[in-house]
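**Q** My questions all concern the structure below.
The values are calculated or read from the model by the stated rules, or taken from the named source; none is laboratory data. On a predicted model such as this, the values are computed, not experimentally measured, just so you know. Ideal geometry is used to build each Cβ from the backbone, glycine not excepted, and the neighbour counts take in all protein chains shown.
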Amino acid sequence: MPHYFLAIHNEPFHDTPMQQEKLESSFVLLGQMVEQASKYHIKLILIFTAQWAEFIASDPEKMVELASWQQNGHEIAANHRSIYHGGWDGYTNYTEEIAINERLQYKNKPEVYLGTLTDYMDILKKINPESHSSCINNEIDKHTLTYEII
């Protein structure tokens, strides 16, 4: 039997118009995906950015739904988008100045700097305090990685 996993990357929509609406509609779609996978006994790895963690943690009903997914065997993991990624999530261990200067190479108007990777992990712990898995870009140095995961 082949070994495989299905990871659902949930986009941060960081610093984009209508971020809240995008998260809302994506959460509904994610729920449909989880429901469909569960019908076939497929376990998913649900990979969330800090934006998603804040969004979910702010709503008790969403927290209950997330807990039910986890109780049904779906893994809750972290998804960090570094300053080198096309859709940066706003978190890095680089200084704000270095991060913004790097982002200027990708965008005319760089995304807002939100904090360090410690800040990022503190937010992710709101939805899964025991998370030890994530999807993080393979980067040129350790400033873009969170030490709690690696």
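**Q** Might you let me know whether the stretch 14-25 holds any residue that is modelled with pLDDT of 95 or more, in contact with a Pro (Cβ under 8 Å, 6 or more places away or on another chain) and of a type outside the set (A, V, I, L, M, F, W, C)?
**A** no
**Q** Working only within the stretch 66-103, note down all residues that are of a type in the set (Lys, Arg) and more than 30 Å from HIS41 (Cα to Cα). Working first, answer last.
**A** Within the stretch 66-103, the subset of a type in the set (Lys, Arg) is 81, 103.
Listed by number, the list holds a single entry, ARG103.
**Q** Scan HIS3, HIS14 and give me the residue that is surrounded by fewer than 20 Cβ atoms within 10 Å (Cβ to Cβ), assigned to a loop (DSSP other than H, G, I, E, B) and under 17 Å from the mean Cα position of the chain (by Cα).
**A** On the way: HIS3 fails: under 17 Å from the mean Cα position of the chain (by Cα).
Answer to the selection: HIS14.
**Q** Tell me the helices (runs of 4 or more DSSP H) entirely within the stretch 42-120 that contain at least 1 residues that are over 16 Å from the mean Cα position of the chain (by Cα) and surrounded by 15 or more Cβ atoms within 10 Å (Cβ to Cβ). Steps first, answer last, please.
**A** On the way: elements: 50-57, 60-71, 96-103.
Those helices (runs of 4 or more DSSP H) span 60-71, 96-103.
**Q** How many residues are of a type in the set (S, T, N, Q) and over 28 Å from TYR113 (Cβ atoms) when one looks only at the stretch 1-45?
**A** 3
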